[in-house]
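A.B. asks: Sending over a structure as structure tokens; questions will come in a sec.
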Amino acid sequence: MDERLQKYDDKMKKTKKSLEADLATIRAGRANPHILDKIQVDYYGVPTPLQQVANITVPEARVIQIQPWEAKMVKEISKAILTSDLGINPNTDGKSIRLVLPELTEERRKELVKDVKKRGEAAKVAIRNIRRDANDTFKKLGKADVSEDEIKELEEKIQKMTDKMVKEIDGVVDVKSKEILTV
């Protein structure tokens, strides 16, 4: 691949990866430990990702168990979960925390699918912005001894990359939407 196109291809792939990571935090039917990825816990005065202070497991389909490495972290973790936007009340026995995920209602599933589609649309806008930046860069090359045919070819290639990535993003959104709607 032309090195002039490579950096834009990398940016597009990063945008897709970012969307996939973002969608992994959205809860579908099963318990998914990734819904806790954004939660920070106050660990000796330092905001620390939950995964770094506890072991997270999924013992049952709709239960997430959090086993802190230090018993005194149970209260801090419970507090962090309560103040997050998860909307789940943690159950604690003093040593570990259990999150029982309620069954999603039909209405909530539809809201989540709308949210997934909105995030997918934002990713596609980011991809198109990358294409625009690439085309602007290619036009500037025209002033620096690069033939118009070569610029046209670069613009066509970036358009093909954009179309391919938009299609891949649509696929990611469709997979997540089906996962959410599956009861």
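A.B. asks: Any residue at all in region 160-174 that's part of a helix (DSSP H, G or I), free of Cβ contacts under 8 Å to residues at least 24 places away in the same chain, more than 19 Å from Lys16 (Cβ to Cβ) and open to solvent by 30 Å² or more (accessible area, probe 1.4 Å)?
C.D. replies: Restricting attention to region 160-174, the residues satisfying the condition of being part of a helix (DSSP H, G or I) are 160-174.
Restricting the remaining residues to those that are free of Cβ contacts under 8 Å to residues at least 24 places away in the same chain gives 160, 163-164, 167, 171, 174.
From what is left, the residues that are more than 19 Å from Lys16 (Cβ to Cβ) are none.
Checked region 160-174: no residue is part of a helix (DSSP H, G or I), free of Cβ contacts under 8 Å to residues at least 24 places away in the same chain, more than 19 Å from Lys16 (Cβ to Cβ) and open to solvent by 30 Å² or more (accessible area, probe 1.4 Å).
A.B. asks: Here's another thing I want to ask about it. Name the single residue that is modelled with the highest pLDDT among those in region 30-53 being open to solvent by 90 Å² or more (accessible area, probe 1.4 Å) and charged (D, E, K, R).
C.D. replies: Looking at residues that are open to solvent by 90 Å² or more (accessible area, probe 1.4 Å) and charged (D, E, K, R), I get Lys38.
A.B. asks: Within region 51-83, can you find the residues that are more than 24 Å from Glu103 (Cα to Cα) and in contact with a helix residue (DSSP H, G or I) (Cβ under 7 Å, 6 or more places away or on another chain)?
C.D. replies: Of everything in region 51-83, those that are more than 24 Å from Glu103 (Cα to Cα) and in contact with a helix residue (DSSP H, G or I) (Cβ under 7 Å, 6 or more places away or on another chain) turn out to be Val53, Ala54, Pro68.
A.B. asks: Condition test on Glu76, is it farther than 19 Å from Val113 by Cα, assigned to a loop (DSSP other than H, G, I, E, B) and at pLDDT 85 or above?
C.D. replies: Working: farther than 19 Å from Val113 by Cα: yes; assigned to a loop (DSSP other than H, G, I, E, B): no; at pLDDT 85 or above: yes.
No; evaluated as a whole, the condition is false for this residue.
A.B. asks: Then there is this: Out of the residues in region 79-99 that are surrounded by 17 or more Cβ atoms within 10 Å (Cβ to Cβ) and modelled with pLDDT of 85 or more, state the one that is farthest from Glu179 (Cα to Cα).
C.D. replies: Among those that are surrounded by 17 or more Cβ atoms within 10 Å (Cβ to Cβ) and modelled with pLDDT of 85 or more, it is Ser96.
A.B. asks: I'm trying to understand the selection: among the residues of region 86-100, which are out of contact with any strand residue (DSSP E or B) (no Cβ under 7 Å at 6 or more places or on another chain) and over 23 Å from Tyr44 (Cα atoms)?
C.D. replies: Once the filter is applied, which keeps residues that are out of contact with any strand residue (DSSP E or B) (no Cβ under 7 Å at 6 or more places or on another chain) and over 23 Å from Tyr44 (Cα atoms), region 86-100 yields Leu86, Gly87, Asn89.
Okay, residues lined up against (1) touching a residue at least 24 places away in the same chain (Cβ under 8 Å); (2) surrounded by 14 or more Cβ atoms within 10 Å (Cβ to Cβ); (3) closer than 25 Å to Val172 by Cβ:
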| residue | (1), (2), (3) |
| --- | --- |
| Glu70 | no, no, no |
| Glu76 | yes, yes, no |
| Leu101 | yes, yes, yes |
| Lys124 | yes, yes, yes |
| Phe138 | yes, yes, no |
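A.B. asks: Something else now. Go through region 110-132 and report how many residues are over 16 Å from the mean Cα position of the chain (by Cα) and hydrophobic (A, V, I, L, M, F, W, C). Show your work before the answer.
C.D. replies: Quick first cut of region 110-132, residues over 16 Å from the mean Cα position of the chain (by Cα) only: 110-111, 128-132.
From the residues that got through so far, the ones that are hydrophobic (A, V, I, L, M, F, W, C) too are 130.
The total comes to 1.
A.B. asks: Got a sec? Which of Asn89, Asn135 is more than 23 Å from the chain's Cα centre (by Cα) and part of a helix (DSSP H, G or I)?
C.D. replies: Asn135
The values are calculated or read from the model by the stated rules, or taken from the named source; none is laboratory data. Just so it is clear, the model here is predicted, and its values are computed rather than measured. Neighbour counts run over all protein chains shown; Cβ positions are idealised from the backbone, glycine included. To get the accessible areas, we keep the full protein, side chains included, count just its heavy atoms, and leave off ligands, DNA and RNA. Shrake-Rupley method; radii C 1.70, N 1.55, O 1.52, S 1.80 Å.
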